[in-house]
Amino acid sequence: MIEDAYRLGEAMGLSVWCTDQAGPFQTVPQPGTSWRPEGQPARQPHEYLRNGTAKMMTRFHPVDGRVRLKGVDTCPNTTLHGWLREELTAILGSLPEPPVAPGPEVTLRSAWERWQAGLVVKPTLSGELPPLRMLLVLDNLTGHKTPAFVL
């Protein structure tokens, strides 16, 4: 799938990035120097809390192999996480300005429709569309398929 997205992104002149969330992971001790010998477990006070769970956000650029990640406490699947929004904004700021369409046969809508061609679930496109500048590969969570999230 990454290869297909990369080829499509290249053909459309878009920067291709991937992102994913891992977790939730319980915030419990992991094996290390603080572990006790077998049969001699460490004792926890009766009010011990495990501190909940944590997730890990990742951003990957397949062209050069760059990976960025951040641990987070929450990551709702229906919204763009603040850290990822900041990262994507920085990427967009580093990209060249979107090309001006060479003629009436190439429109923003036709570019978006070309992008949608390979999708199984096609989000409804709004009347006003931003220029396509980046192809972001996500997993198939329902929240990632909403028009607001895609735009």
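Observations on the structure shown:
- If the condition is being buried (at least 16 other Cβ atoms within 10 Å of the Cβ) and assigned to a strand (DSSP E or B), then region 124-151 contributes L135, L136, V137.
- Subset of region 76-110 that is assigned to a loop (DSSP other than H, G, I, E, B) and under 14 Å from the mean Cα position of the chain (by Cα) - its residue that is modelled with the highest pLDDT: H81
- Pairing residues of region 57-81 that are surrounded by 13 or more Cβ atoms within 10 Å (Cβ to Cβ) with residues that are at pLDDT below 75 and among the aliphatic types (A, V, I, L, M), at Cβ distances under 7 Å and at least 6 apart in sequence or on separate chains, gives P62/I2; N77/L141.
- Within region 1-25, being surrounded by fewer than 18 Cβ atoms within 10 Å (Cβ to Cβ) and not in a strand (DSSP E or B) holds for M1, I2, E3, D4, Y6, R7, L8, E10, A11, M12, G13.
The values are calculated or read from the model by the stated rules, or taken from the named source; none is laboratory data. Computed from a predicted model, the values in this text were never measured in an experiment. Here the Cβ is made from the backbone with ideal geometry for all residues, glycine too, and neighbour counts use every protein chain on show.
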